[in-house]
Amino acid sequence: MRPTRTPIHTITTWVKKQPPKVKAFLAVVSAMAALVLLRFIVHDHDNLFVAAEAVHSIGISVLIYKLIKEKTCAGLSLKSQELTAIFLAVRLYCSFVMEYDIHTLLDFATFVTTLWVIYMIRFKLKASYMEEKDNFAIYYVVIPCAVLALLIHPSTSHLLFNRISWAFCVYLEAVSVLPQLRVMQNTKIVEPFTAHYVFALGVARFLSCAHWVLQVLDTRGHLLVALGYGLWPSMVLISEIVQTFILADFCYYYVKSVFGGQLVLRLPSGVV
């Protein structure tokens with residue numbers, strides 16, 4: 001007797017058989033549908049940014065639990081944590097000298113937590129760190145982000161150094177998760193806590209991206225004008241979209257794994 005196939009399994013099987021162009025089209029359509037739904041459900045779109053921060057905090061909590069209770073950092077990328085610490089440090093500096101607000105406190109809390117995670121991986125749990133799998137060269141992203149920040153940055157009245165620094169942290173944040181994805185691609189198997197953490201990052205970045213896109217739509221493009229002139233306003237929006245799509249593929253396999261009842265996520269070749 002053939003096992004009963006769930007609707008989710010039927011859909012994922014059909015999507016898997018489609019050519020790359022069809023998959024990309026379906027991803028764009030799904031993202032647009034989600035944005036339309038959020039636009040009607042969430043009346044104050046600033047709440048999306050708050051929700052993004054909340055989901056990110058949940059992901060960090062899962063990461064802390066893994067390090068304390070499981071006493072292992074296997075599957076985690078030290079380089080991703082270091083990139084996160086770099087862009088948070090730069091953003092904290094910019095916040096203090098440019099626009100200090102409640103988000104500065106949230107960033108400070110995340111920065112301190114990230115430093116603790118780096119300390120745990122480097123010293124306390126070094127024996128379980130998969131250094132040979134964490135082989136993404138961070139200068140591949142740091143140098144291009146720095147060059148891009150020199151060329152395209154805000155056109156505000158702040159000091160040039162501060163404007164370049166702000167642009168640098170925006171660009172670096174968009175790609176900071178790449179080393180973590182490389183580790184997961186190298187191992188092929190992702191244990192639950194790491195998968196939950198990365199999925200939380202994906203959801204948080206989608207909500208943050210949705211916040212920016214809906215704000216632009218609601219203001220009919222005036223928000224982009226308020227950010228300055230030149231290419232910078234567009235680059236801010238592009239950075240938000242890029243960091244969302246970087247994690248989209250992983251989130252697809254995560255949801256598929258959860259609905260399939262699998263505790264351990266197995267990634268096929270070519271996801272990253």
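Given a 1.4 Å probe, how much area per residue of segment 108-180 is accessible, in Å²? Could you put the intermediate results ahead of the total?
Working: 3860 Å² over 73 residues.
I get 53 Å² per residue for this part.
Leaving ligands and nucleic acids out of the surface, order Tyr129, Tyr139, Tyr93 by accessible area at 1.4 Å, largest first.
Numbers: Tyr129 35, Tyr139 125, Tyr93 90 Å².
Sorted by accessible area, descending: Tyr139, Tyr93, Tyr129.
Points 7 angstrom from Cα along the Cβ direction at Tyr119 and Lys71: gap in nanometres?
1.9
For Ile68, what accessible area in Å² do you get when you roll a 1.4 Å probe over the heavy atoms of the protein chains, rounding to the nearest 10?
About 80 Å², ignoring ligands and nucleic acids.
Roughly speaking, what is the centre-to-centre gap between segment 150-165 and segment 73-112 when only Cα atoms are used, to the nearest Å?
19
Taking all protein chains together and a probe of 1.4 Å, list Glu70, Glu240 from the most accessible to the least accessible. Each step should come with its number before you reach the end.
Numbers: Glu70 90, Glu240 20 Å².
Correct descending sequence by accessible area is Glu70, Glu240.
Hey, which of these cross-link pairs are over 19 Å Cα-Cα: Lys71/Lys256; Lys66/Lys256; Lys69/Lys133; Lys69/Lys188; Lys69/Lys124; Lys126/Lys188?
On the way: Lys71/Lys256 28 Å; Lys66/Lys256 23 Å; Lys69/Lys133 23 Å; Lys69/Lys188 24 Å; Lys69/Lys124 13 Å; Lys126/Lys188 21 Å.
Result: Lys71/Lys256; Lys66/Lys256; Lys69/Lys133; Lys69/Lys188; Lys126/Lys188 exceed 19 Å.
On a full-extension model of 0.36 nm per residue, what is the gain between Val258 and Leu106, subtracting their alpha-carbon distance, rounded to one decimal in nm? The partial results should precede the final answer.
Values: separation 152, 0.36 × 152 = 54.72 nm, distance 3.00 nm.
Working it through step by step, the gained length comes to 51.7 nm.
With every protein chain present, what accessible area does Phe245 have (1.4 Å probe, heavy atoms only), rounded to the nearest 10 Å²?
100
Over the Cα atoms of segment 175-218, what radius of gyration and what Dmax do you get, in Å?
Computed over the Cα atoms of segment 175-218, radius of gyration and Dmax are 13.6, 43 Å.
Tell me the relative contact order for segment 45-165 as a rounded percent, counting alpha carbon contacts under 8 Å between residues six or more apart.
Working: 72 pairs, mean separation 36.3, N = 121.
Relative contact order, segment 45-165: 30 percent.
The values are calculated or read from the model by the stated rules, or taken from the named source; none is laboratory data. Please read these numbers as outputs of a predicted model, since none were measured by experiment. Using ideal geometry, Cβ is built from the backbone for each residue, glycine included, and neighbour counts are taken over all protein chains shown. With ligands, DNA and RNA removed, areas are computed over all heavy atoms of the protein, side chains included. Shrake-Rupley method; radii C 1.70, N 1.55, O 1.52, S 1.80 Å.
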